[in-house]
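Notes to accompany the following structure.
The values are calculated or read from the model by the stated rules, or taken from the named source; none is laboratory data. Because the structure is predicted, anything quoted here is derived from the model rather than measured. Every residue, glycine among them, receives a Cβ derived from its backbone with ideal geometry; neighbour counts consider all protein chains shown. The accessibility values were calculated without ligands, DNA or RNA, using every heavy atom of the protein model including side chains. Shrake-Rupley method; radii C 1.70, N 1.55, O 1.52, S 1.80 Å.
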Amino acid sequence: MSAPPPADPAADPRSLSVVIPLYEEAENVAPLLARVHEGLADYRHPWELILVDDGSRDGTAERVQAEADHYGRHVRVIRFRRNFGQTAAMQAGFDAARGHLVASLDGDLQNDPADIPRMVEELVDRDLDLLQGWRRDRQDALVKRKLPSRIANALIGRVTGVTLHDYGCSLKVYRAEIIKEVRLFGEMHRFIPVWVAGITDPARIGETEVSHRARERGASKYGISRTFRVLLDLLVAFFFLRYGARPGHFFGAIGLGFGAVGGLMMAWLLVVKFGFGEDIGQRPLLFMAILLLVASIQFLTTGVLAEVLSRTFFASHERTHHCIRWQSDPKRAGWKGAA
């Protein structure tokens, strides 16, 4: 027989917050909450469910609120004023989470909430900070979804050094103290393991196989164009992972390289001019050397400005890039499974 939960449910080291972003998933709301409660029915620790409506216009917000009223105070609702994107929705959910552990999944019913308790146990047993789901038997179209995803996963692993099979799977379990240190912007939810690797040992990031189902209701919000956005986001992720705290090294290295090449060209032209007495005024090499030296100065000054901005950013108060229209009162929020 399991021990009774502590007087303060949030003090339980395995208290769990489940975060689900939703955007125009009105048809999936009721079955989603039913599956979450079925999947966590035997979870022996306090848990809460945080549903973030990302500015839906199809009635998702109203259905979410109705289901929350039906299930109880452990179901919390956050509503955005407009559509800010999945990354912003996940960040809002992470900010609101009260559990020591946090799980995230999509609201399209393709992830199975029944995998969460097993993933929590595996995270704790393997002493990980992040456990990433791996949709090994993915139920999506080959050309439109699976093939671009495989290419992106391989590219991300090679560039960042964090090798996982399935970056795109939203089903993850985190330690709250780690994920709350990560600030997500743009469309960076695809690179959460990369950002986590920036604040913890990559060896504490693992993956496990999870179930995956074909979409039954609603329409997918992703297409082949997402592949090109991933490439741009990957460039940004690589920069911040390697040079986020020292951008001057990135721009400075390029500037010094250009300056060295331009300086050597100028030195050779001086030898040609004064050593051999030849005219250098119309030589393409002269214009190339001048261009490289000017570019060198620009990169070096950009590096200095980037260092100033970086220090200002880290010293300033952090601000989110989403706007919440309404949310459940955190002071009245409850826990499922708590006494």
Original post:
What translational diffusion coefficient, in µm²/s and rounded to a whole number, does the Stokes-Einstein relation yield for segment 16-64 at 25 °C and a viscosity of 0.890 mPa s, taking the hydrodynamic radius as the Kirkwood radius over Cα pairs?
Top reply: 214 µm²/s
Subject >> Simple label model, 7 Å out from Cα along Cβ direction - Ile297 to Leu235, nm >> reply: 2.6 nm
**OP:** Have a look at Ala41, Ala11, His70 and report the one farthest towards the positive end of the charge dipole of segment 1-82, computed about the Cα centre with Cβ charges (Lys/Arg +1, Asp/Glu -1).
**Re:** Ala11
Original post:
Ordered by packing density, taken as the mean number of other Cβ atoms within 10 Å over each peptide's residues, highest first, how do 83-90, 32-39 rank?
Top reply: 83-90, 32-39
Original post:
How many nm is it between the label spots at Arg57 and Arg213, if each spot is 7 Å from the Cα in line with the beta carbon?
Top reply: 2.9 nm
**OP:** For Val18, list long-range residues whose amide hydrogen, built 1.01 Å from N in the peptide plane, is under 5 Å from its own amide hydrogen.
**Re:** Glu48, Leu49, Ile50, Ala103
Subject >> Solvent-accessible surface ranking, highest first, for His212, His249 at 1.4 angstrom >> reply: His249, His212
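Peptides 324-335, 102-113: what's the order by average Cβ count within 10 Å, highest mean first? List each step's numbers first, then the result.
Details: 324-335: 13.1, 102-113: 23.7.
Those peptides, ordered most packed to least, come out 102-113, 324-335.
Ratio of alpha-carbon Rg to the 2.2 N^0.38 Å globular estimate for segment 32-113, to two decimals, please. Could the numbers behind the result be given before it?
Working: Rg = 12.5 Å, N = 82, 2.2 N^0.38 = 11.7 Å.
The value comes to 1.06.
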Original post:
Considering only protein heavy atoms, what is the solvent-accessible area of Ile290 at a probe of 1.4 Å, reported in Å² to the nearest 10?
Top reply: 70 Å²
